[in-house]
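For reference, the structure is listed below as structure tokens.
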Amino acid sequence: MCCEGLGNLEWIELGLRSALHADATRMLELLLNDPQLKVTGDEKRPGEKRMGAQNKEVQCLFGKLRLCRNYYYDAQSASGRYPLDEALGLHNGYTPGVARLICRAAGRDSYGAGSGDLKAYAGLEVSSRQLNRMVERIGPRMRADLEAQGVEAETKAAPRLYVSCDGTGVPMRREELEGVAGKQPDGTAKTKEVKTGCVFTQHPVDGEEPFRDCDSTSYVATLRRCGEFGTLLRKEAFRRGMGRAEEIVFIADGAVWIWEVARINFPGAVEILDYYHAREYLTEIVEILFGKKSEQGARQLERWKDLFFEDKIEEVIRQARVLSAAMTGDAKLVNAKINYFENNKHRMKYGTYRKKGYFYGSGVIEAGCKSVIGKRAKQSGMFWSSPGVENVLAIRTALHSNRFDSYWDQKNAA
């Protein structure tokens, strides 16, 4: 028989998959409905009444199972239970294998896109509403379990461990923003700040540009206040081996709340002000003093950038103050920007950082805010409740921190 006689290969593949799934579904039904199958807890407890066997449709990886299971009801507590459901670890009528795929799809993209992906990749018919409900069920437990993991779960120690954090606004429902101050002309807000942190490691090599260790970046993200966020980030750093690292480096922009997080939770860390934020401030100072696109200003900018990498930030501050004092106009704006350097000068030893092979830019966390948070939570038309965004980000940060599958493996093995 020639290949042309096979017809459309895709239809053959899809047909075989459908047939195999049907056979697998039937096998599971026979196994789980076997009267000889012993189910833990399938006996009447004190105060309970056996209400008889009931049928239930359950979605597994291969199709829909029709299960017959016993139901027990306790009138005093007004609660009931299905021992077979508990034994199988069912979630809203889905097996653990399907629940894992639903959470993965929900964490990767919008619920609508996730529903389509499940249909295309696994042949599973799961609506976007059902994805949302699964996240509401699994998200809080996943967040609590992962946050509770201690130092015993840490990875191998690294000579240099970096910590960084930043904030990014996510669009919220109107009722979530009542009383929240914002940047709109009338003082109202359209977003709430998700505080995002990351931890990564480096094995420095003399004479080489700094590189992050492959797949070493993990993330935390929450709407909670700075104090709670700082504790969360510190726990993640310890999980990643901060207690055994030779050096701890904390990189961030100049936000006051961030350095307070560093002061409280990472005492003794090498603090580095992101060079690119500092350079933006330097450019703004030059433009105020000399005007935009001024040749004299361009030359001054280059001289001051050179002084940055000679660890002479105090000389930059001195020269900028002198030039500011000679201004004929209002010098308040330029002095406010010079004060930014004054407040952070102990974090601006860029020449030293370069010689030691440190990262001195906060690009990792800024990229994380965009790719981990923004790409999932800031899509067009999205408006979140606080629990909704917390739950989906618990799953998403687990995915981007290489913790998602290990979480489910441990959960299903328990």
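Go through (1) outside the structural domain of GLU193 (by TED's automatic domain parsing); (2) over 21 Å from SER362 (Cα atoms) for LEU307 and report which single condition fails.
Of the numbered conditions (1) outside the structural domain of GLU193 (by TED's automatic domain parsing); (2) over 21 Å from SER362 (Cα atoms), the odd one out for LEU307 is (2).
Evaluate the range 99-119: report whether one residue or more is in contact with a strand residue (DSSP E or B) (Cβ under 8 Å, 6 or more places away or on another chain) and either in contact (Cβ under 8 Å) with a residue 24 or more places away in the chain or not assigned by TED's automatic domain parsing to the domain that holds GLY254 (or both).
The answer is yes, given that some residue of the range 99-119 is in contact with a strand residue (DSSP E or B) (Cβ under 8 Å, 6 or more places away or on another chain) and either in contact (Cβ under 8 Å) with a residue 24 or more places away in the chain or not assigned by TED's automatic domain parsing to the domain that holds GLY254 (or both).
Pull up the range 366-414, narrow it to residues that are in contact with a Gly (Cβ under 7 Å, 6 or more places away or on another chain) and of a type in the set (A, V, I, L, M, F, W, C), then point me to the one that is farthest from GLN130 (Cα to Cα).
My answer is LEU399.
How about the range 50-100: which of its residues are closer than 20 Å to LYS411 by Cβ and of a type in the set (Gly, Ala, Ser)?
The answer is ALA87, GLY89, GLY93, GLY97, ALA99.
Just the residues that are under 16 Å from the mean Cα position of the chain (by Cα), crowded, with 19+ Cβ neighbours inside 10 Å and in contact (Cβ under 8 Å) with a residue 60 or more places away in the chain, please, taken from the range 198-215.
CYS198, PHE200
State all residues of the range 5-22 that are surrounded by fewer than 11 Cβ atoms within 10 Å (Cβ to Cβ) and either among the acidic types (Asp, Glu) or within 28 Å of LEU88 (Cα to Cα) (or both); if no residue qualifies, say none.
Answer for the range 5-22, where residues must be surrounded by fewer than 11 Cβ atoms within 10 Å (Cβ to Cβ) and either among the acidic types (Asp, Glu) or within 28 Å of LEU88 (Cα to Cα) (or both): GLU10, GLU13, LEU16, ALA19.
Could you please tell me which pairs satisfy a Cβ distance under 6 Å, a separation of 6+ or placement on different chains, a first residue in the range 296-316 that is loosely packed, with under 13 Cβ neighbours inside 10 Å, and a second residue that is assigned to a helix (DSSP H, G or I) and among the aromatic types (Phe, Trp, Tyr)?
GLN296/PHE290
Which of the residues that make up the range 25-49 are surrounded by 15 or more Cβ atoms within 10 Å (Cβ to Cβ) and not in a loop (DSSP other than H, G, I, E, B)?
Selection gives THR25, LEU28, GLU29, LEU32, GLU48.
Considering only helices (runs of 4 or more DSSP H) fully contained in the range 50-131, which possess at least 2 residues that are surrounded by fewer than 14 Cβ atoms within 10 Å (Cβ to Cβ)?
Counting at least 2 such residues, we get 111-122.
Does GLY139 meet the test of being modelled with pLDDT of 95 or more, loosely packed, with under 14 Cβ neighbours inside 10 Å and in contact with a helix residue (DSSP H, G or I) (Cβ under 7 Å, 6 or more places away or on another chain)?
Taking the combined requirement at face value, the residue does not satisfy it.
Which condition number does VAL372 fail, the rest of (1) more than 16 Å from the chain's Cα centre (by Cα); (2) modelled with pLDDT of 95 or more being met?
(1)
Considering only residues that are part of a helix (DSSP H, G or I) and among the basic types (Lys, Arg), which ones fall in the range 310-319?
Across the range 310-319, the qualifying residue is only ARG318.
The values are calculated or read from the model by the stated rules, or taken from the named source; none is laboratory data. Keep in mind that this is a model prediction, so the values were computed, not measured. Quick reminder, even Gly has a Cβ in these numbers, built from the backbone with ideal geometry, and neighbours come from all protein chains shown.
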